[in-house]
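Input: a single structure, listed below in structure tokens.
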Amino acid sequence: MRNEQEVNRAIEQYSDMVRRLCMVHLKNQADTEDIFQTVFLKYVLSSVSFENEEHEKAWFIRVTVNACKDLLKSFFRSHTVSLEAVMEQPALLLPDNREVLEAVLSLPVKYREVIYLHYYEDYTAPQISRILGKNVNTIYTLLTRAKQMLREKLGGDGYE
């Protein structure tokens, strides 16, 4: 079990990334908060010793992605409708940012993951391949296809 100082440092350092990753996968604030707590609880209870900061960050990404996938596969999740689907949330983003976010969120999960890791977390394709456990050429293909889908959704080449 980790001490309070380690946990506070990790929360301060990785909380934004974990929340963004959850939102990309789950598109739901309540589920995002649940997974956020789950990820940091796993961290608190974990006895994993990290080689360096990149190893720790990759661990957080992997645990977050897996927890999101587990939630999406759960029986409860597949037999309910989120409040966001029923009621439109007020616009919190600027129209341009909202359009890009909606386009990214409309992508299939395999494309959302690579777009998020590449553009929001600044990982290279080889790094993403190690994190997701996929071939590096597969990552390049997913990035290319995702960018093409976004170009089509957003209407042009202005969003690169």
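Any read-out appearing in this document is the output of simple, stated calculations on the displayed coordinates, not a laboratory observation. Just so we're clear, the structure is a prediction, and the values are computed from it rather than from any experiment. Please note: Cβ atoms are built from the backbone with ideal geometry, for glycine as well, and neighbour counts cover all protein chains shown.
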Lys69 and Asp122 label points (each 7 Å along its Cα→Cβ direction) are spaced in nm at 2.7
Got a sec to turn the phi values of segment 65-70 into Karplus ³J(HN,Hα) couplings, 6.51 cos²θ - 1.76 cosθ + 1.60 with θ = phi - 60°, whole Hz, x for Gly and Pro?
-> 4, 5, 5, 5, 4, 4
All lysines inside 26 Å of Lys42 as judged from Cα atoms, apart from same-chain residues fewer than 8 positions distant | Lys27, Lys57, Lys69, Lys73, Lys110, Lys134
Calculated FRET efficiency, Arg62 and Arg145, Cβ-Cβ r, R0 30 Å, to nearest 0.05?
-> 0.85
Hey, rough spin-label estimate for Glu6 and Leu41, points 7 angstrom out along Cα→Cβ, what's it come to in nanometres?
-> 1.9
